[in-house]
Amino acid sequence: MSKQYKLVTCTINGKLMEKMVDVRASLTDMLRDDFRLTSVKKGCEVGECGACNVIIDGECFNSCIYLAVWAEGKNILTLEGLANPDGTLSDIQQAFIDEAAVQCGFCTPGFIMSAVEILETGRELSDEEIRKRLSGHLCRCTGYENIFRAVKKTMLRRLGKEKEAEAV
Amino acid sequence: MYDIKALYEAASVEDAIRLLTEHPAAKIIAGGSDVLVKVREGRLAGAELVSIQGIDALRGVCLEEDGAIRIGSLTSFSHITRDPVIQDKINVLGQAVDTIGGPQIRNIGTIGGNTCNGVTSADSASTLFAWDAIVELTGPEGKRQVPIQDFYLKAGVVDLRPGELQTAIRIPRKSYEGYKGHYIKYAMREAMDIATLGCSVNVKLSLDKRAIDDVRIAYGVAGPIPARAPLAEQAAIGKPLSTQVLDQFAQDVLKSLNPRDSWRASKAFRQHIAVVLAKRALAEAVRLSGGEIYE
């Protein structure tokens, strides 16, 4: 059968974009190949590892099991959209560095996007709840503790609890 | 790139029925967390797909005029868990679907997909069996309402006729009013795992809260499709809330279950945890109902 394409219009990291996409493409394929957003990693490609995680309309999705054509009209945020306009890192990115929550780095963008979803709730979550909300990601290097600490510290700092954050 | 022969996007339920009728070999794709994985693994490689992802009318939970809870088939698990109607009336369903996969999977996976897949381990299915849920199917001949126990035909096969799609799951008022339920998923890990066994119980106590007025119990992975344990239910109705009654109820579930040996767990182990979970889930449902269990 002849190739099937569709015009997709969506907002990516705050910019309105338009692209002809192959209907067979996953959102990971589109973000990496058409927009060079290579923070979106290809890991398991079956929705188990979370390396391709992006935020769509405020919720986290594994972009590897999301068809690119479904992005029509959606607002997509990837790790590239987090840094400040002057290039400085966002608080959560900096926290991952400070807490040594990064080793090989392959899982990091996916984890940070889940962390952003957690932080955007504006609530103080219990340790158990933070762990549950990070449970859709695999990291084979860090043992997760430093990642958990980076997220918890940033959550507390955003709530103005600097002293509690230091104690984490 | 996925190995997809063609993708047809439906804008409405009518559109989906038309596309399914025009392309009889096509598979329905809702959230895609099962279908796309099967395409990737090769089991559905080269498939024609009818995407219903864009039909927003199939999303959301509401109360119908007769008090039935209506869950649109495309409602994602995370939206079910957060929904105020679910939390108020059948919170156990929100808790059950909150054990599926991980957070990202719960944002894309739909209750319609979970049930149309026809697998016994679906975390929503045992709870829907326990609530006597009704499956609403819409096709070229109009709507059909099928009790969920009749919707599951055999492992991986559900009563979905050519041109039909599931449009809602309904829990009638008489099924949930006065009942409280509890679900336990027994799995090897806390996340990203498939149930070794799933057990969902709901109970309605007598007015003085000292006896069981009605009880329902359903399992996933205790047979080729989700299943109730009717003999245990019937024997417990009208009995007082005692440890002895709970123990007998838990033992009786084995009369109706047929778990198998698999690489995940042996038949003997599944039978053992079926009994343990029955007792724990019923005890918790009783506690949620404000009852107390006597020695």
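What follows draws every value from the coordinates through simple rules; no lab data is involved. Predicted model, so just to flag it, every value in this text is computed and none were measured. Every residue, glycine among them, receives a Cβ derived from its backbone with ideal geometry; neighbour counts consider all protein chains shown.
Could you tell me how many degrees, from 0 to 90 and to the nearest 10, lie between the Cα long axis of helix B:267-288 and the main elongation axis, the longest principal axis, of the Cα atoms of chain B? That works out to roughly 70 degrees. Across the range B:121-246, counting alpha-carbon atoms alone, Rg and Dmax equal 16.3, 52 Å. With each label modelled as a point 7 angstrom along the Cα→C-beta vector, the B:ASP66-B:TYR294 pair spans 3.9 nm. Quotient of the Cα radius of gyration of the range A:1-70 and 2.2 N^0.38 Å, N being its number of residues: 1.07.
Checking the a/c ratio against 1.5 first, then a/b against b/c, what shape does the Cα gyration tensor give for the range B:54-115? In terms of gyration-tensor shape, oblate.
Looking at the calculated P(r) for chain B, what percent of the C-alpha pair distances fall above 23 Å? Result: 55 percent of Cα pairs exceed 23 Å.
The angle between the Cα long axis of helix A:108-120 and the main principal axis of chain A comes to about 70°, on a 0 to 90 degree scale. Of the two radii for the range B:4-51, the radius of gyration is 0.97 times the Kirkwood radius, both from the alpha carbons; that is the Rg over Rh value.
For B:SER51, nonlocal amide neighbours, meaning residues 5 or more places apart or on other chains whose placed amide H falls under 5 Å from its own, are B:TYR8, B:GLU9, B:ALA10, B:ILE29. Taking chain B as a Gaussian network of alpha-carbon nodes connected by springs under 10 Å, the highest mean-square fluctuation of the residues B:SER200, B:SER266, B:SER124 belongs to B:SER266.
For the range B:40-52, 3J(HN,Hα) computed residue by residue from phi via the Karplus equation (6.51, -1.76, 1.60; θ = phi - 60°) reads 4, 6, x, 5, 10, 4, x, 6, 8, 10, 9, 8, 9 Hz, glycine and proline entered as x. Amide H contacts of B:THR110: B:GLY31, each under 5 Å away and 5 or more positions distant or on a separate chain (H built 1.01 Å from N in the peptide plane; Pro and chain starts excluded).
Its Cα centre serving as origin, the range A:5-80 has a Cβ charge dipole (Lys and Arg +1, Asp and Glu -1) of approximately 140 debye.
Legend: ranking of residues B:LEU282, A:LEU77 from fewest to most surrounding C-beta atoms inside 10 Å; resulting order A:LEU77, B:LEU282. The Cα trace of the protein assembly as shown gives Rg and Dmax of 23.3, 72 Å, the first to one decimal, the second as a whole number. Relative intensity of the range B:177-224 on a log10 scale, I(q)/I(0) at q = 0.23 Å⁻¹, equals -0.80, per a Debye sum over C-alpha point scatterers of equal strength in the absence of solvent.
The value of relative contact order for chain A, using C-alpha pairs under 8 Å at least six residues apart, is 22 percent.
Magnitude of the charge dipole for chain B, about its Cα centre and with charges confined to Cβ atoms of Lys, Arg (+1) and Asp, Glu (-1), is about 720 debye. Estimated from the Cβ-Cβ distance and a Förster radius of 60 angstrom, the FRET efficiency linking A:GLN4 and B:GLN248 is about 0.50.
Quick check: the angle from helix B:13-22's long axis to the longest principal axis of chain B, C-alpha only, nearest 10 degrees? Rounded to the nearest ten degrees, it is 60. Entry for the range B:93-144 at q = 0.25 Å⁻¹: log10 I(q)/I(0) = -1.01, Debye formula applied to identical alpha-carbon scatterers, no solvent contribution. The fewest-to-most ranking of B:LEU241, B:LEU128 by surrounding Cβ atoms within 10 Å reads B:LEU241, B:LEU128. Among A:ALA51, A:MET20, A:LEU67, flag the residue with its Cα farthest along the positive direction of the charge dipole of the range A:5-80, charges on Cβ as +1 for Lys/Arg and -1 for Asp/Glu. After comparing all options, I get A:MET20. The orientation-averaged shadow of the Cα convex hull for the range B:56-174, equal to a quarter of the hull surface, comes to 7.1 nm².
A Förster radius of 41 Å, combined with the Cβ-Cβ distance separating B:ARG287 from A:MET20, puts the computed FRET efficiency at roughly 0.10. Mean projected area of the Cα convex hull of the range B:1-120, taken over all directions, amounts to 8.3 nm².
Placing unit charges on each Cβ (+1 for Lys and Arg, -1 for Asp and Glu) gives the protein assembly as shown a dipole about its Cα centre, and among B:ALA281, B:VAL13, A:LEU7 the Cα reaching farthest toward its positive end belongs to B:ALA281.
Database remark: amide H of B:LEU44 closer than 5 angstrom to the amide H of B:VAL39 (H placed geometrically; neighbours at sequence offset of 5 or more, or on other chains; Pro and chain starts carry no H).
With neighbour counts taken as other beta-carbon atoms within 10 Å, the residues B:ARG170, B:ARG264 rank, fewest first, as B:ARG264, B:ARG170. When the alpha carbon coordinates of the range A:48-168 are projected onto the principal axes, the ranges are 46, 31, 28 Å, largest first.
Just to compare against my own numbers: the Cα pair-distance distribution for the range B:179-288, 10 Å bins, whole % per bin, please. Reading upward from the zero bin: 16, 50, 27, 8, 0.
About its Cα centre, the dipole of the protein assembly as shown is roughly 880 debye, where the only charges are +1 on Lys and Arg Cβ and -1 on Asp and Glu Cβ.
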